[in-house]
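A.B. asks: Questions regarding the structure given below will be posed in turn.
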Amino acid sequence: MDSTRESNRFKRIFAKRGMGQVITVSIGLLVLNIVFGILNPNFFSHRNISNLLRQIAPIILIGIGQSYVLITGNIDLSIGSVVGMSCMISATLMTKGMNPWLAVIATYIAALLIGLLNGGLISKAKLPAFIATLGTMTIARGIAQIVNNNYNTDSIGLQAEGFRNFFYYGKTLGLYNTIWISLAIWLVFDFILSRTKTGRHIYAVGSNAHAAHLSGVNISGVITKTYLVSSICAATVGLIITATSGMGTMDAGTTYELYAVAASVIGGVSTLGGQGILLGTIVGASIWGVLQNGLQFAGAPVAIRNIVIGVIVIISVLLDIVVRSNRKEIN
């Protein structure tokens, strides 16, 4: 009886959308760690592991936001620019004397407005997600440049020490707070996606938007919610970058939209919509981080690291397309 229950439990786990690829890439992650550990034993040093986890945390966050959007069958190209905008808004306000935590609130509000704009353009104005978020990507980057008159900011100063410790330098139970922040946000959004009606609607829209509409799902509301999630995650990463450098930089978040897509698709989130779990996003972000860190230890130039990541993303998307095509032929 117990063996039957265990068998059913494993069947339920493997039946989850995208779980097969999560298991596959998890094995790949394990192999990568072993290989890099053999090439350089310092890879497994406590210091490197701690820093590696802190480097992976922001990629997990933007991966979460991009995963939500991708599951609906859309994409968010503005996520990197919202990171930069959030970095510049928060730092500029702090250098102007605003309380750091009020600056954090203002930053989130600004990011959410971009999310609302994205949702409205795509769900109401019916613009293709690629075009809409390409436009807001440029707008958000322009805001990042204009808030401090086209200059990077000065140091946010000692008055922001608590802010910097909370988002980057501080530790809790031996782990950097950046890691705890990403874990907490992952737990919240994973619960929403996997255990709530909103999550079921997100998958339904990505699987078949027309059928979801006939079933009474508010398509516009669902799409807008996913872009709001993306904005929240991007704003958090922008705040982490501000805390890291102690200043605002206009080019913060450049190419982060690519990192977000990489973390999502490597972890099994389908670019065609309707499939993927946030556990896979953690694994995908970890593969990205381990590859970057391990290749750096191996002495590989930045160009080679970027090429490797790009090849892996292309292979991941191709595998998803092939698997889906085979399923359609079988059905």
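The values are calculated or read from the model by the stated rules, or taken from the named source; none is laboratory data. Everything numeric in this text was worked out from a predicted model, so none of it was measured. Here Cβ is always computed from backbone atoms with ideal geometry, including for glycine, and neighbour counts include all displayed protein chains.
A.B. asks: Write out, first by first residue and then by second, each pair whose Cβ atoms fall under 6 Å of each other, whose residues are 6+ apart or on separate chains, and whose first residue, in the stretch 113-124, is free of Cβ contacts under 8 Å to residues at least 24 places away in the same chain while the second is of a type in the set (S, T, N, Q).
C.D. replies: These pairs meet every condition: L117/T136.
A.B. asks: Right, another one. Quick one: which of S50, S86 is among the small types (G, A, S) and modelled with pLDDT of 95 or more? Please lay out each step first, then the result.
C.D. replies: Numbers: S50 fails: modelled with pLDDT of 95 or more.
On inspection, the qualifying residue turns out to be S86.
A.B. asks: Within the stretch 79-101, identify whether any single residue is within 30 Å of A204 (Cα to Cα), small (G, A, S) and touching a residue at least 60 places away in the same chain (Cβ under 8 Å), and answer yes or no.
C.D. replies: Going through the stretch 79-101, the residues within 30 Å of A204 (Cα to Cα) turn out to be 79-83.
Filter once more, keeping what is small (G, A, S): 80-81.
Then keep just the ones that are touching a residue at least 60 places away in the same chain (Cβ under 8 Å); that gives 80-81.
Within the stretch 79-101 (the criterion being within 30 Å of A204 (Cα to Cα), small (G, A, S) and touching a residue at least 60 places away in the same chain (Cβ under 8 Å)), the answer is yes, since at least one residue qualifies.
A.B. asks: While we're here: What pairs can you find where one residue is in the stretch 44-68 and more than 21 Å from G174 (Cα to Cα) and touching a residue at least 12 places away in the same chain (Cβ under 8 Å), the other is in a helix (DSSP H, G or I) and of a type in the set (K, R), and their Cβ atoms are less than 9 Å apart, with a gap of 6+ or different chains?
C.D. replies: Qualifying pairs under 9 Å: Y68/K225.
A.B. asks: Kindly indicate whether any position in the stretch 268-275 is at pLDDT below 95, in contact with a helix residue (DSSP H, G or I) (Cβ under 8 Å, 6 or more places away or on another chain), surrounded by 22 or more Cβ atoms within 10 Å (Cβ to Cβ) and over 13 Å from I71 (Cα atoms).
C.D. replies: no
Let's see how each residue does on (1) within 16 Å of the chain's Cα centre (by Cα); (2) under 25 Å from L272 (Cα atoms); (3) of a type outside the set (D, E, K, R):
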| site | (1), (2), (3) |
| --- | --- |
| T72 | yes, yes, yes |
| S78 | yes, yes, yes |
| V82 | yes, yes, yes |
| S90 | no, no, yes |
| T95 | no, no, yes |
| M98 | no, no, yes |
| L113 | no, no, yes |
| G119 | no, yes, yes |
| A125 | no, yes, yes |
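A.B. asks: Checking K225 against (1) farther than 17 Å from Q66 by Cα; (2) surrounded by fewer than 22 Cβ atoms within 10 Å (Cβ to Cβ), only one condition comes out false. Which one?
C.D. replies: The number of the failed condition is (1).
A.B. asks: Just to be sure, is S264 at pLDDT 95 or above and touching a Leu at 6+ places or on another chain (Cβ under 7 Å)?
C.D. replies: Numbers: at pLDDT 95 or above: no; touching a Leu at 6+ places or on another chain (Cβ under 7 Å): yes.
In short, no.
A.B. asks: Name the single residue that is nearest to I114 (Cα to Cα) among those in the stretch 140-172 being assigned to a helix (DSSP H, G or I) and β-branched (V, I, T). Spell out how you get there, then give the answer.
C.D. replies: Of the stretch 140-172, the ones assigned to a helix (DSSP H, G or I) are 140-146, 158-169.
This time we only want the ones that are β-branched (V, I, T), so: 143, 146.
Working: I143: 11, I146: 16 Å.
Per the criteria, the residue is I143.
A.B. asks: Give the number of residues within the stretch 276-292 that are surrounded by 24 or more Cβ atoms within 10 Å (Cβ to Cβ) and outside any helix (DSSP H, G or I).
C.D. replies: 1
A.B. asks: Counting just the residues of the stretch 119-172 that are closer than 12 Å to M94 by Cβ and either touching a Cys at 6+ places or on another chain (Cβ under 6 Å) or small (G, A, S) (or both), which one comes out surrounded by the most Cβ atoms within 10 Å (Cβ to Cβ)?
C.D. replies: Step by step, filter the stretch 119-172, then rank; the result is A160.
A.B. asks: Which one of these is modelled with pLDDT under 90 and either buried (at least 17 other Cβ atoms within 10 Å of the Cβ) or assigned to a helix (DSSP H, G or I) (or both): N33, N42? Quick ask: steps written out before the conclusion?
C.D. replies: Values: N33 fails: modelled with pLDDT under 90.
Testing whether each residue is modelled with pLDDT under 90 and either buried (at least 17 other Cβ atoms within 10 Å of the Cβ) or assigned to a helix (DSSP H, G or I) (or both) leaves just N42.
A.B. asks: Something else: For the stretch 266-311, give me each residue that is within 17 Å of the chain's Cα centre (by Cα) and β-branched (V, I, T).
C.D. replies: Answer for the stretch 266-311, where residues must be within 17 Å of the chain's Cα centre (by Cα) and β-branched (V, I, T): I266, V269, T271, I277, T281, I282, V283, I287, V290, I309.
A.B. asks: Sticking with this structure for a sec: Please state which one of G84, G97, G28 is touching a Ser or Thr at 6+ places or on another chain (Cβ under 9 Å), of a type in the set (G, A, S) and either in a helix (DSSP H, G or I) or more than 23 Å from T172 (Cα to Cα) (or both). Walk me through how you get there before you give the answer.
C.D. replies: On the way: G97 fails: touching a Ser or Thr at 6+ places or on another chain (Cβ under 9 Å); G28 fails: touching a Ser or Thr at 6+ places or on another chain (Cβ under 9 Å).
Matching residue, one of G84, G97, G28: G84.
A.B. asks: Out of all the residues in the stretch 173-193, which are part of a helix (DSSP H, G or I) and over 17 Å from the mean Cα position of the chain (by Cα)? Walk me through how you get there before you give the answer.
C.D. replies: Kept after step one, since they are part of a helix (DSSP H, G or I), are these residues of the stretch 173-193: 177-193.
Within the stretch 173-193, N177 is the sole residue that qualifies.
A.B. asks: Only one of these conditions is not met by A212: (1) small (G, A, S); (2) in contact (Cβ under 8 Å) with a residue 24 or more places away in the chain; (3) crowded, with 21+ Cβ neighbours inside 10 Å; (4) under 24 Å from D320 (Cα atoms). Which number is it?
C.D. replies: Among (1) small (G, A, S); (2) in contact (Cβ under 8 Å) with a residue 24 or more places away in the chain; (3) crowded, with 21+ Cβ neighbours inside 10 Å; (4) under 24 Å from D320 (Cα atoms), A212 violates only (2).
A.B. asks: Inspect all residues belonging to the stretch 173-181 and state whether any of them is loosely packed, with under 13 Cβ neighbours inside 10 Å, free of Cβ contacts under 8 Å to residues at least 60 places away in the same chain and of a type in the set (S, T, N, Q). Lay out the reasoning, then the answer.
C.D. replies: Of all residues in the stretch 173-181, those loosely packed, with under 13 Cβ neighbours inside 10 Å come to 173-174.
Among the residues that remain, those that are also free of Cβ contacts under 8 Å to residues at least 60 places away in the same chain are: 173-174.
Filter again for of a type in the set (S, T, N, Q), leaving none.
Taking every residue of the stretch 173-181 in turn, none turns out to be loosely packed, with under 13 Cβ neighbours inside 10 Å, free of Cβ contacts under 8 Å to residues at least 60 places away in the same chain and of a type in the set (S, T, N, Q).
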